1. Could you size up the charge dipole of the chain around its Cα centre, putting +1 on the beta carbon of Lys and Arg and -1 on that of Asp and Glu, and report it in debye to the nearest 20?
2. What ³J(HN,Hα) values, in whole Hz, does the Karplus curve 6.51 cos²θ - 1.76 cosθ + 1.60 give for the stretch 94-107 when θ = phi - 60°, with x put for Gly and Pro?
3. Rounded to the nearest 500, what is the 222 nm mean residue ellipticity of the chain from helices alone, with -39500 (n - 2.57) per DSSP H run of 4+ residues and division by all residues?
4. If you roll a 1.4 angstrom probe over the protein chains with everything in place, what fraction of the accessible area of the chain belongs to carbon and sulfur, to the nearest %?
5. What is the gain in length, in nm to one decimal, between Y17 and K293 on full extension, counting 0.36 nm per residue of separation less the C-alpha to C-alpha distance?
6. Gaussian network model of the chain, Cα springs within a sub-10 Å range: biggest mean-square fluctuation belongs to which of G41, G325, G76?
7. Label 7 Å along Cα→Cβ of W282; the stretch 23-53 residues with amide nitrogen under 15 Å?
8. If one takes the longest principal axis of the Cα atoms in the chain, at what angle in degrees, from 0 to 90 and to the nearest 10, does the Cα axis of helix 347-361 lie?
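The values are calculated or read from the model by the stated rules, or taken from the named source; none is laboratory data. Just so we're clear, the structure is a prediction, and the values are computed from it rather than from any experiment. Cβ placement follows ideal geometry from the backbone for every residue including glycine, while neighbour counts extend to all protein chains displayed. Ligands, DNA and RNA are stripped out before the accessible areas are found, and what is left, the full protein with its side chains, is counted by its heavy atoms. Shrake-Rupley method; radii C 1.70, N 1.55, O 1.52, S 1.80 Å.
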Amino acid sequence: MSVRPEPRPGVMQIDAYVPGKSKAAAGVKVHKLSSNETPLGPSPKAIEAFNSFDHLELYPDGSAMKLREAIGAKYGLDPNRIVCGAGSDELLSLVTYAYMGPGDEGLYSEHGFLVYRIAILAAGGTPVVAPEKDYRTDVDAILSRVTDKTKIVFLANPNNPTGTYIPFDEVKRLHAGLPPHVLLVLDAAYAEYVRRNDYESGLELVATSENVVMMRTFSKIYGLANLRIGWMVAPAHIADAVNRIRGPFNMNGPALAAGVAAVQDEAHVVKAVEHNAQWLEWLTGEIEALGLKVTPSVANFLMINFPAEAGKTAKEADEFLSGRGLILRRIDAYGLPNALRLTVGSEEANRLVVEALRDFMKGGNNA
Ligand SMILES: *Cc1c(COP(=O)(O)O)cnc(C)c1O
């Protein structure tokens, strides 16, 4: 018998998620480019809705009705199929708890978002990892690892931290190859940023099947990461299951109000998409011109690779940039020790990053 309470099997195998850093050397202006937050901030209408929220003594609407209606109106979805959560992180956990337990397997790809692994282990399941090709999801590698024990396949599309995506044809091929008992979770946190004709977030697949859900977030293009707002759209039977285990008041009133205002401000989203397209391309070109390799990204961040030939390591680059107040993301935990992830920032921040990388590659110092 244990002399003290012991967590369930799996819990102590979890390496707690390490968020992007937000501090740099003392005395320098900080540009946080480590968590894929938007440099444009939230819609002014969302800020106004948040600030004018009153009656903190009252419980919020536990059904998030107005937010589900606003999302439904924008995307042409039945609000009854939408579930809102405290970030898509909460929804990823809830779906996993609802469909996975000890002895079950959860599948994700090699450099996939680490929250999947945490959710699988927390539910008592076994993580199974499918290798990628050129930092891209490999549908055949995933399909070949599906067993009778597989309960969920997680796919971030575009993926974080690589920034790569697979075309909708490939997503459909993945779905077609899965047995009907396997749940496919499409995580489209960066969908709004993608400008590719062959990309789709997956709404169509959710509408036409019984085993696909899609997760979305207000943390990225909507600029509301601090308020923790995510949503998923699912077949009715899955929405029903998740609603049974969801905390009855998992969303707060100010977040719900800001979310409604944000989703209705389409002009703000358009502005963010344009800013990102312009600077993603600029950053990619400028950084490659320095002799570094950028993995082609369709999201609001990019992965900078420091090949051995460059004679410089990602760790050294991170220290150099931090010295100038430029905070990027180390991604060793994703099996990518030779790369850094850079969020597309303001014009000022983007220019400073390129200038600093240029000095770094020339062997300069921050003195
Ligand atoms: C940022 C991100 C999310 C969103 O998380 P929230 O909990 O909604 O803030 C989900 N999936 C991926 C792949 C992400 O990068």
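1. For this selection, approximately 620 debye.
2. Here the 3J(HN,Hα) series is 4, 4, 5, 4, 6, 10, 9, x, x, x, 8, 10, x, 10 Hz.
3. My calculation for the chain gives -11000 deg cm²/dmol from helical runs alone.
4. Details: 8840 of 16650 Å².
The computed percentage sits at 53.
5. Numbers: separation 276, 0.36 × 276 = 99.36 nm, distance 2.67 nm.
That works out to 96.7 nm of additional length.
6. Fluctuation is largest for G76.
7. It comes to 39-40, nothing else.
8. 60 degrees
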